[in-house]
Amino acid sequence: MKLRSFAWLLVLGLVVPLQAEIKPASMFSDHMVLQRNLPIPIWGTAAPGETVTVTLGADKQALKAGPDGKWMVRLAPQPATINLTLTIEGSATATPVVFKDVLIGEVWVCSGQSNMEFPVARALNGLKEANEAKFPQLRLFQVDHVTPNAPQTSVAGQWQVCDPATIKSFSAVGYFFGRELQSYLNVPVGLIHTSWGGTPAEAWTRLGVLQADPDYAEIVKRRAQIFSPEYAVKQEEFKKISENWTKQIDQLLATPGKPGADWLKPDAVLKDWQPIEASGTWEVKANLKMDGVVWYRKVVEVPAEMASQETTLSLGAVDDLDFTWVNGTVVGHTGKDTPSFWMVSRFYKVPAGTLKPGPNVIMVRVIDHGGGGGLVGLPGEMTLSTASGASISLAGTWQYWIEKNLGLRPEMMGKLQNTASVLYDGMIAPIIPYGIRGAIWYQGESNASRAWQYRKLFPDMIRNWRQDWGQGDFPFYFVQLANFRKRLAEPAESDWPELREAQLKTLSLPNTGMAVTIDIGDGDDIHPINKQDVGKRLALWALAQDYEVKVPDGFLGTLPVLKSHFQKPIVHSGPLYTSMKVEGATVRLAFTHVGGGLKIKGNGPIKGFAVAGSDKKFVWAEARVSGDTVVVRNVNVPNPVAVRYDWADNPEGNLYNAEGLPASPFRTDDWPGITDSKR
């Protein structure tokens, strides 16, 4: 009787059936930017067969969700616009989903490893850059790190408006690229940042692509081992060890620590403390092979006029976490809740009255949970300063004392994030098919030992993304590895120049471009802080190739102006080698992208060229510019057969074009390299 009555109530419409909630894809949120002048994909899930209606401005489209509940519409292309609302309604959903403050403009994906992940706050003049980052029509989407073993359909993240708070932990290269575009295009720009430090290109490539090529058999085999049942047991064991390690770190982070009584006395002789040079890890500067807690201490003389003011204590980056003290008072703390905490520059306000005229004691309690640890900022970043411009350097010698030596953090064999296809599955696939203009990429360091294979792997990854996105050969611009490591006195073989060559060869793919950064790296730091020029050089490719920005005739700079005013294409690349011709004892080299002409930076001769005969032994060569070519020779190589330029980890070449863009490293030979057999 009860069942019969309930059925009649349903017929009469007096009982509302359970409703399935319509759910747009995770890429959609308030403040998003949608790609202009291209069809706009909007997708998500609903109840099977539910009618979904999507409205954006004047465009309104309806469709039914499939049997699996999935739905997608492609709205008509629209020009750049601001202040739109995206509404998604479902016939079985009571409340529509409404996204506000939607912009239409230019959308770019920013991906790679740590030099793409490197945050604005850590970049050159990072605090100033962040404080000036007030661009309401520049929007940011940060994709969270995940390591799945199968393709995912959603990511954690949301669109944010670019301001001093949101930009600090965002990709510096991505930001400077996007800022440059918006400056000259005057349209909204959206940046989707999805990168992970230390990861190889195969982690960003779909598994099917890797399985289809025998050259990647070892990569696929390593993945199978990582996800094998036997390895799963080891992972569970490691998980318990890791959880215990994390618990110890959390306990050390629970309090700022307790300074010893004598530590606060500027003239105290602390027998257990040892000297250490800042601006580097304690593994390098003090040969400490440990993770745990180390205190740093420095006595600083402060003049009376400075002691009475509020000051800013700048430390640069601290690897990993810290509590910072001034005269026994905690003035700052960076914990695990700060994105990219291990490489974010520290800027702590010191209230007026905390300092005193004369000697003051600054201490930093550094907690390192793995890898390198310590005060790792550059010397110029380490200061105590006032708003009026007074500044005291904190670089140089400090003292250190070990509070807790935890040994070395246990490491699992084969990090999941480095496993084939894992990051594609978790951090690229869920973005697709969000409408984009193109992608920028900074990666390669983790593939340098297999540089020869990268010649194939990198282009395959690009083709993979383009195929899956379904937008054709969208623009893909990448950064050639910067100069790094010790500079050698003589020509030598190395894996980094081979990786740069693999990147150079990738320009054979359509709609690709390469920002050469061989002149703005740091021999002592794999993460150079000048990310401004990296972003600008990437932006030059986009402004020239995708937006056809022009410059006036006779203009030799790289500052673009709007297309409608001038007709000369912007010079967007430094010189790229094209061919060689042996002329007796000399070799003539030809280039493209010479712009206003080949130029030598600085005073003195051209540097970076080496020549070899049939014995394959390279020696430094004399070089001179001859029109749009370079002629090289060495009197001891009467029959030259090959030339190399900047073929080193950290070369010192000085060949540029008149627009100030450096020539790419190259070689004319195809002799076997040291990475040819590495897989």
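The values are calculated or read from the model by the stated rules, or taken from the named source; none is laboratory data. Keep in mind that what you see is a predicted model, and the values were worked out from it rather than measured. So basically every Cβ, Gly included, is an ideal-geometry build from the backbone, and we count neighbours across all protein chains shown.
Applying the criterion of being within 18 Å of Arg365 (Cβ to Cβ) and aromatic (Phe, Trp, Tyr) to the residues of segment 239-290, the residue that is nearest to the chain's Cα centre (by Cα) is Trp282.
Can you pull out the residues in segment 123-134 that are surrounded by fewer than 17 Cβ atoms within 10 Å (Cβ to Cβ) and farther than 20 Å from Pro528 by Cβ? Hits for segment 123-134 are Asn131, Glu132, Lys134. Contact map, segment 282-305: first residue buried (at least 21 other Cβ atoms within 10 Å of the Cβ), second residue in a helix (DSSP H, G or I) and β-branched (Val, Ile, Thr), Cβ cut-off under 9 Å, separation 6 or more or different chains; pairs are Asp291/Ile249; Gly292/Ile249. Of the residues making up segment 496-505, those that are buried (at least 19 other Cβ atoms within 10 Å of the Cβ) and either more than 17 Å from Ser446 (Cα to Cα) or not small (Gly, Ala, Ser) (or both) are Trp496, Pro497, Glu498, Leu499, Arg500, Glu501, Gln503, Leu504. Being at pLDDT 95 or above, among the acidic types (Asp, Glu) and under 30 Å from Met514 (Cα atoms) is a condition met by at least one residue of segment 104-114.
What do you reckon, is Asp519 touching a Lys or Arg at 6+ places or on another chain (Cβ under 6 Å), at pLDDT 95 or above and part of a loop (DSSP other than H, G, I, E, B)? No. Going through (1) modelled with pLDDT of 95 or more; (2) in contact with a helix residue (DSSP H, G or I) (Cβ under 7 Å, 6 or more places away or on another chain); (3) within 21 Å of Ala658 (Cβ to Cβ) one by one, Ile570 falls short only on (1).
Here Ser169 fulfils each of the conditions (1) small (Gly, Ala, Ser); (2) modelled with pLDDT of 90 or more; (3) surrounded by 14 or more Cβ atoms within 10 Å (Cβ to Cβ); (4) assigned to a helix (DSSP H, G or I) apart from (4). The set of residues from segment 522-567 being in contact with a helix residue (DSSP H, G or I) (Cβ under 8 Å, 6 or more places away or on another chain), of a type in the set (S, T, N, Q) and modelled with pLDDT of 95 or more comprises just one member, Gln532. Checking the structure you have, find out if any residue of segment 191-207 is in contact (Cβ under 8 Å) with a residue 12 or more places away in the chain and charged (D, E, K, R). So far as segment 191-207 goes, yes, one or more of its residues are in contact (Cβ under 8 Å) with a residue 12 or more places away in the chain and charged (D, E, K, R). Residues that are over 25 Å from Leu140 (Cα atoms) and of a type in the set (Lys, Arg) do not occur anywhere in segment 434-447.
Does Ala268 meet the test of being without any contact (Cβ under 8 Å) to a residue 60 or more places away in the chain, small (Gly, Ala, Ser) and assigned by TED's automatic domain parsing to the domain that holds Val366? Answer is yes for this residue. In summary, strands (runs of 3 or more DSSP E) completely within segment 570-637 and bearing 2 or more residues that are of a type in the set (Ser, Thr, Tyr) and free of Cβ contacts under 8 Å to residues at least 60 places away in the same chain occur at 576-583, 586-592. Scanning segment 522-539 for residues being surrounded by 24 or more Cβ atoms within 10 Å (Cβ to Cβ) and closer than 11 Å to Asn115 by Cα gives a total of 2. Residue count for segment 63-88 satisfying the condition of being surrounded by 17 or more Cβ atoms within 10 Å (Cβ to Cβ) and closer than 25 Å to Ala47 by Cβ: 6. Do we have Val209 as surrounded by fewer than 22 Cβ atoms within 10 Å (Cβ to Cβ), at pLDDT 95 or above and under 30 Å from Asp676 (Cα atoms) here? In short, yes. Scanning segment 237-252 for residues that are modelled with pLDDT of 90 or more and either in the same structural domain as Thr334 (by TED's automatic domain parsing) or outside any helix (DSSP H, G or I) (or both) turns up nothing.
Criterion applied to Phe474, Phe458 was being within 24 Å of Gly178 (Cα to Cα) and part of a loop (DSSP other than H, G, I, E, B), and the one residue passing it is Phe474. Report yes if some residue within segment 209-226 is over 28 Å from the mean Cα position of the chain (by Cα), part of a loop (DSSP other than H, G, I, E, B) and in contact (Cβ under 8 Å) with a residue 12 or more places away in the chain; otherwise report no. Checked segment 209-226: at least one residue is over 28 Å from the mean Cα position of the chain (by Cα), part of a loop (DSSP other than H, G, I, E, B) and in contact (Cβ under 8 Å) with a residue 12 or more places away in the chain. Of the listed requirements (1) buried (at least 19 other Cβ atoms within 10 Å of the Cβ); (2) not in a loop (DSSP other than H, G, I, E, B), Gln137 misses just one: (1). Apart from one condition, Lys336 fits all of (1) basic (Lys, Arg); (2) within 19 Å of Ile402 (Cα to Cα); (3) under 31 Å from the mean Cα position of the chain (by Cα); the exception is (2).
Restricting to strands (runs of 3 or more DSSP E) lying wholly in segment 300-394: which have 1 or more residues that are under 30 Å from Ile241 (Cβ atoms), among the charged types (D, E, K, R) and modelled with pLDDT of 95 or more?
Details: elements: 311-319, 321-326, 329-334, 345-350, 358-368, 383-386, 391-393.
Counting at least 1 such residues, we get 321-326, 358-368.
Can you find even one residue in segment 646-669 that is surrounded by 14 or more Cβ atoms within 10 Å (Cβ to Cβ), farther than 27 Å from Glu445 by Cα, among the β-branched types (Val, Ile, Thr) and touching a residue at least 12 places away in the same chain (Cβ under 8 Å)? Among the residues of segment 646-669, not one is surrounded by 14 or more Cβ atoms within 10 Å (Cβ to Cβ), farther than 27 Å from Glu445 by Cα, among the β-branched types (Val, Ile, Thr) and touching a residue at least 12 places away in the same chain (Cβ under 8 Å), which makes the answer no.
The residues in segment 59-116 that are under 29 Å from the mean Cα position of the chain (by Cα), of a type in the set (A, V, I, L, M, F, W, C) and outside any strand (DSSP E or B) can be counted, and the count is 2. In summary, Thr675 fulfils each of the numbered conditions (1) surrounded by fewer than 17 Cβ atoms within 10 Å (Cβ to Cβ); (2) not assigned by TED's automatic domain parsing to the domain that holds Met580; (3) not small (Gly, Ala, Ser) with the single exception of condition (1).
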